[in-house]
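*Asks:* If you scroll down you'll find the structure; I have some questions about it.
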Amino acid sequence: MNILTIIPARCGSKGVPKKNIKRLYDKPLIAYSINTSLKSEHITRTIVSTDCDEIAQIAKEFGAEVPFLRPTEFAMDKSLDIEYISHALEWLQSNQNYTPDFIVLLRPTTPIRDVSVINNAINLMINNGDATSLRSSHQPSETPYKWFRTKGDYYIPVCDNQVLSDADKPRQSFEKVFIPNGYVDIIKPSQIKLGHIYGDRILCFETQYTYEIDTNEDFEYIEYLLAKGKV
């Protein structure tokens with residue numbers, strides 16, 4: 001099968017300048033996602049979608065393909081994922097007559113991954129023909145069913161079918177919920193052509209909690225964990 005990894009890495013980053021190529025312990029942040037993709041037994045191509053020549057050069061040095069630069073209009077603060085994915089698919093079809101069977105999204109901001117987990121996710125997607133996509137997630141430490149909203153000066157339940165005293169119930173009383181975590185997403189190209197990424201049959205793929213980098217403090221903490229061999 002043709003299984004394509006797309007690693008999105010635009011220039012702009014307001015929280016941490018040049019975040020995608022900022023050094024994390026022993027290599028640039030983007031290199032972690034590239035290395036994971038290249039190690040997978042299922043992934044056949046690893047492409048970085050970027051609007052930045054510097055990111056493109058570093059991505060190539062670590063073994064990724066950068067066959068095009070992403071147009072600026074698809075690399076803005078409010079640009080949607082479907083825009084750069086659609087651009088990549090259209091470019092690859094028009095210029096290389098290439099269409100993958102599946103797209104694996106590995107965002108650079110989630111650098112700590114186990115390649116065996118990626119392989120398991122791909123196998124699950126391959127073996128579930130009715131699924132429109134797969135999204136990784138983890139269970140939260142506290143259920144949101146025990147949270148509150150406010151109305152005026154007073155609390156009201158999060159869900160309309162709850163009463164306030166439900167927040168006092170043990171966590172096990174509530175159904176499981178999951179937080180999408182960016183460990184891995186897998187998409188069918190046919191979904192992109194329909195105008196959305198995930199469709200309405202999204203496979204649940206539960207992983208352990210995964211570290212996400214958005215701030216300099218995140219960099220420092222994960223560097224500490226890497227240096228101590230804790231991740």
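The values are calculated or read from the model by the stated rules, or taken from the named source; none is laboratory data. Quantities reported herein were computed from a predicted structural model and do not represent experimental measurements. Every residue, glycine as well, gets a Cβ built from its backbone with ideal geometry; the counts of neighbours run over all protein chains shown.
*Asks:* Of the residues Asp81, Asp77, Asp101, which is over 20 Å from Tyr198 (Cα atoms) and of a type in the set (Asp, Glu)?
*Replies:* Of the residues listed, the single one that is over 20 Å from Tyr198 (Cα atoms) and of a type in the set (Asp, Glu) is Asp77.
*Asks:* Looking at segment 51-86, which of its residues are within 25 Å of Asn35 (Cα to Cα) and in contact (Cβ under 8 Å) with a residue 60 or more places away in the chain?
*Replies:* Within segment 51-86, Arg70, Ala75, Asp81, Ile82, Tyr84, Ile85, Ser86 meet the criteria.
*Asks:* Condition (residue is in a loop (DSSP other than H, G, I, E, B), among the small types (Gly, Ala, Ser) and touching a strand residue (DSSP E or B) at 6+ places or on another chain (Cβ under 9 Å)) applied to segment 173-185: is it met by at least one residue?
*Replies:* No, every residue in segment 173-185 fails to be in a loop (DSSP other than H, G, I, E, B), among the small types (Gly, Ala, Ser) and touching a strand residue (DSSP E or B) at 6+ places or on another chain (Cβ under 9 Å).
*Asks:* Given the residues Val16, Val66, which is the only one that is modelled with pLDDT of 95 or more, out of contact with any Cys (no Cβ under 8 Å at 6 or more places or on another chain) and β-branched (Val, Ile, Thr)?
*Replies:* Val66
*Asks:* For the list (1) assigned by TED's automatic domain parsing to the domain that holds Ala9; (2) out of contact with any strand residue (DSSP E or B) (no Cβ under 6 Å at 6 or more places or on another chain); (3) of a type outside the set (Asp, Glu), I need the number of the one condition that Lys146 fails.
*Replies:* Failed condition: (1).
*Asks:* Something else now. Of all residues in segment 8-35, which are part of a loop (DSSP other than H, G, I, E, B), more than 15 Å from the chain's Cα centre (by Cα) and of a type outside the set (Gly, Ala, Ser)?
*Replies:* Within segment 8-35, Cys11, Lys14, Val16, Pro17, Lys18, Lys22, Tyr25, Asp26 meet the criteria.
*Asks:* A further question follows. For segment 150-184, name all the residues that are in contact with a helix residue (DSSP H, G or I) (Cβ under 9 Å, 6 or more places away or on another chain) and touching a residue at least 40 places away in the same chain (Cβ under 8 Å).
*Replies:* Answer for segment 150-184, where residues must be in contact with a helix residue (DSSP H, G or I) (Cβ under 9 Å, 6 or more places away or on another chain) and touching a residue at least 40 places away in the same chain (Cβ under 8 Å): Tyr183, Val184.
*Asks:* For segment 61-119, give me the residue count where each residue is under 18 Å from Leu4 (Cβ atoms), more than 16 Å from the chain's Cα centre (by Cα) and in a helix (DSSP H, G or I).
*Replies:* The total comes to 12.
The rows are residues; the columns are (1) surrounded by fewer than 21 Cβ atoms within 10 Å (Cβ to Cβ); (2) among the charged types (D, E, K, R); (3) farther than 24 Å from Ser190 by Cα.
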| residue | (1), (2), (3) |
| --- | --- |
| Ser86 | yes, no, no |
| Asn95 | yes, no, no |
| Pro108 | no, no, yes |
| Pro111 | no, no, yes |
| Val115 | yes, no, yes |
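*Asks:* Then there's this: Of the residues that sit in segment 193-224 and are crowded, with 19+ Cβ neighbours inside 10 Å, among the aliphatic types (A, V, I, L, M) and touching a helix residue (DSSP H, G or I) at 6+ places or on another chain (Cβ under 8 Å), which one is farthest from Ser13 (Cα to Cα)?
*Replies:* Looking at the filtered set, the residue picked out is Ile197.
*Asks:* Going residue by residue through segment 156-178, is there one that turns out to be under 23 Å from Asn20 (Cβ atoms) and within 17 Å of the chain's Cα centre (by Cα)?
*Replies:* Within segment 156-178, none of the residues are under 23 Å from Asn20 (Cβ atoms) and within 17 Å of the chain's Cα centre (by Cα).
*Asks:* Please find, among Tyr198, Tyr145, the residue that is more than 14 Å from the chain's Cα centre (by Cα) and aromatic (Phe, Trp, Tyr).
*Replies:* On inspection, the qualifying residue turns out to be Tyr145.
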